[in-house]
Amino acid sequence: MDYRRIEEIYDEQFIDRDWWGNFPMARNLLDRDLGTTDLLKLVPVCARIAFHVTGEIPKMVLSNRVPSLSMNPKHIALNLKLLRLGVSDETRVFVFFGYFVHELAHLIYTGKDIAELSDDELRYTPMHYDMIHFIEDRRVESKLVKDFPGYHYYLYAARKLGLAMGLNAVEHYMGFYGGQSEDGVHRGMDGSEALYDYICSKILYPNLLDESNYMREVLSFPGNDGKVRQVNAILKSIKDYGELTYKEVVWYAGMLTELFQEKEICPDHFFLQEMKKAMKGIEDFKTDKQIKMAESVIRDLRKTLNQEPVFSTQLYVSPERSKLEWKGTLGICDRIEEFEADVAEISDDLLNRAKELAAKIQLSLAMFSGKMDRARVIYEQDSGELDEDELYQSRYNRNIFFEEVMASSAILEVVILLDLSGSMCTGDKIPTQIVISSALALAFNKYPNVVYYSIYGHRCGDEGIEIIRFHDRGEKLQLGKLFSQQALNANADGYAMLYCFDKFKSDAKNKLFFMISDGTPSATGYDGEDAREHVWEVVREGKKRGIEVLSVGIDNFEQADMYEEFIPYSGPEITTKISQWIRKKFMSIADDNSF
């Protein structure tokens, strides 16, 4: 990607204000150049923009993904890779805010209009959906600059960077028309892909149409010249995109869709292709301290500035937990009952795999125990005041005795929560979870004076949340119970975690909580973005209680918005990663507790 040339084109290009329709001039509400690309400084600015535009701070997620094609976002993705594009810091920040404001426009305009439609009215072919999205992109930006003209500059910057990337590509090649898709399907040989890009350019990037190379390529396919004239006639009838209703957008998009024979397959349009190429060359932002701090800033701002509380009090939860409660109808989630696990037949294959992982964990525990094996000696005598001189006499003094007591800082308490929801029945998820949980139990069982541990499972059925007790601290381990794991119904992760936080019975300084799961909350009345937010709040509550929470993924699902520390599923090597994390965590705890 030639960023030097892209920035030259960016500086040379001018997009007419008329593209957005007629809107008033206004002073920018924020300084255009913040003089920084520091994420911690940009996030509060995003919150300020969102609060001004929407009246609240929506869910904002830090992402490494390319800009999505969702017209009705459930949350706003702050695309971190935009802050690492090889252009000037000033341009990067402008574009970053531009994409953010664009998504806000979808949130307040598209979201409102779509909410009034039925599911049947929202069913489109892939081609129809894309045509709607092209027109809707321009409509929502046009509406936003009329209502909030101060944000035009950022939309302008984002639009112009996409244009610069397209023009840079046109200067070098137009080679993907009629090419082969990633899934091996040949498409576009009839000129449909070129026509598809022409429509996108005509609506969103009209400057590109001035390039003779681009138009020559579009018109090189037989029949495209006539279809281009039809496209122009359809779009010419739109006088002001900002005045369109959503239903009119759907109608115009339908007219454009009829120009295509194949409506079930869509290529990435020219500009998204170039954006993907740019993003692939940029290293992902890692889940580091700065990102976690930024996520905390977002959540704190949401809780502080949003008028409606994110969670409401429920009767069955103690008052001190009221801030963690679910907003909406809990239904079956308001009942929790604990059951004893059954004993099942032990699989030799799974047991051998568990023993192999347990050996790795035991090595970490041995190192941990070696550093933490400290005892304090209590000297007493049966009567009178303690005579210190007597303590150092070489002769045995039968009136003085001592007792070794394990220091409290040397004790590690662990609670493990297993996912027993229905989705775990697919693939080898339950066997994998059996291996991991059995390995942890076998390893911890070898160090009864160092580790106190409990193991529970959870699922949410018609009668409420079921907590299955596989092992409680102080009990003799019955390995067969862990082999009785069965997947059924849904999961209400946040509530099950809160319940199991109370299983930390001791005053041990070191508390670890393992959440092993294949996904996200899915119980009736407890799912979606708010439920994920609830899990995050529960994790933070655990932190306040001195509990460190680790999520172990049995499937490759998004966890960053729910857990500060997580191990994503990576196939069989997931067990190695667990062992590595435990070793690192144990050594960190030991170092922190050095006398």
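Tabulated data for the structure shown
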| item | result |
| --- | --- |
| Tally of residues being open to solvent by less than 10 Å² (accessible area, probe 1.4 Å) and either within 17 Å of Ile291 (Cα to Cα) or assigned to a helix (DSSP H, G or I) (or both) across region 70-82 | 4 |
| Test for Arg4: is it within 29 Å of Pro206 (Cβ to Cβ) and either surrounded by 19 or more Cβ atoms within 10 Å (Cβ to Cβ) or at pLDDT 85 or above (or both) | yes |
| Those residues of region 203-216 which are touching a helix residue (DSSP H, G or I) at 6+ places or on another chain (Cβ under 6 Å) and open to solvent by 40 Å² or more (accessible area, probe 1.4 Å), in sequence order | Glu211, Asn213 |
| Residue within region 421-437 that is part of a strand (DSSP E or B), in contact (Cβ under 8 Å) with a residue 24 or more places away in the chain and open to solvent by less than 50 Å² (accessible area, probe 1.4 Å) present | no |
| Output for region 217-233, where each listed residue is closer than 29 Å to Ala157 by Cβ and surrounded by 16 or more Cβ atoms within 10 Å (Cβ to Cβ) | Glu217, Val218, Val231 |
| Residue match in region 16-31 (condition: part of a helix (DSSP H, G or I), open to solvent by less than 50 Å² (accessible area, probe 1.4 Å) and at pLDDT 85 or above) | yes |
| Count of residues meeting criterion [charged (D, E, K, R) and not in a helix (DSSP H, G or I)] in region 112-154 | 3 |
| In region 536-556, the residues that are open to solvent by 30 Å² or more (accessible area, probe 1.4 Å) and outside any helix (DSSP H, G or I) | Arg545, Gly546, Glu548, Asp555, Asn556 |
| Residue tally, condition assigned to a loop (DSSP other than H, G, I, E, B) and without any contact (Cβ under 8 Å) to a residue 60 or more places away in the chain, over region 467-503 | 6 |
| Qualifying positions in region 259-280 - more than 30 Å from the chain's Cα centre (by Cα) and closer than 15 Å to Tyr198 by Cα | Leu259, Phe260 |
| Set Asp284, Asp268: member being under 22 Å from Arg84 (Cα atoms), open to solvent by 30 Å² or more (accessible area, probe 1.4 Å) and not in a helix (DSSP H, G or I) | Asp284 |
| Qualifying residue in region 521-535 (condition: at pLDDT 85 or above, in contact with a helix residue (DSSP H, G or I) (Cβ under 7 Å, 6 or more places away or on another chain), crowded, with 19+ Cβ neighbours inside 10 Å and not in a loop (DSSP other than H, G, I, E, B)) | yes |
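Matching residues to (1) assigned to a helix (DSSP H, G or I); (2) charged (D, E, K, R):
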site: Asn213; (1), (2): yes, no
site: Pro222; (1), (2): no, no
site: Gly226; (1), (2): yes, no
site: Gln230; (1), (2): yes, no
site: Leu259; (1), (2): no, no
site: Glu262; (1), (2): no, yes
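Results for (1) under 28 Å from the mean Cα position of the chain (by Cα); (2) open to solvent by 20 Å² or more (accessible area, probe 1.4 Å), shown as yes or no for each residue.
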{"residue": "Val450", "(1), (2)": "no, no"}
{"residue": "Gly457", "(1), (2)": "yes, no"}
{"residue": "Gly464", "(1), (2)": "yes, no"}
{"residue": "Arg473", "(1), (2)": "no, yes"}
{"residue": "Ser484", "(1), (2)": "no, yes"}
{"residue": "Leu498", "(1), (2)": "yes, no"}
{"residue": "Phe513", "(1), (2)": "yes, no"}
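The values are calculated or read from the model by the stated rules, or taken from the named source; none is laboratory data. Everything quoted here is computed from the prediction, not taken from an experiment. Cβ: placed from backbone, ideal geometry, glycine included. Neighbour counts: every protein chain shown. Only protein heavy atoms, including side chains, enter the accessible area calculation; ligands, DNA and RNA are left aside. Shrake-Rupley method; radii C 1.70, N 1.55, O 1.52, S 1.80 Å.
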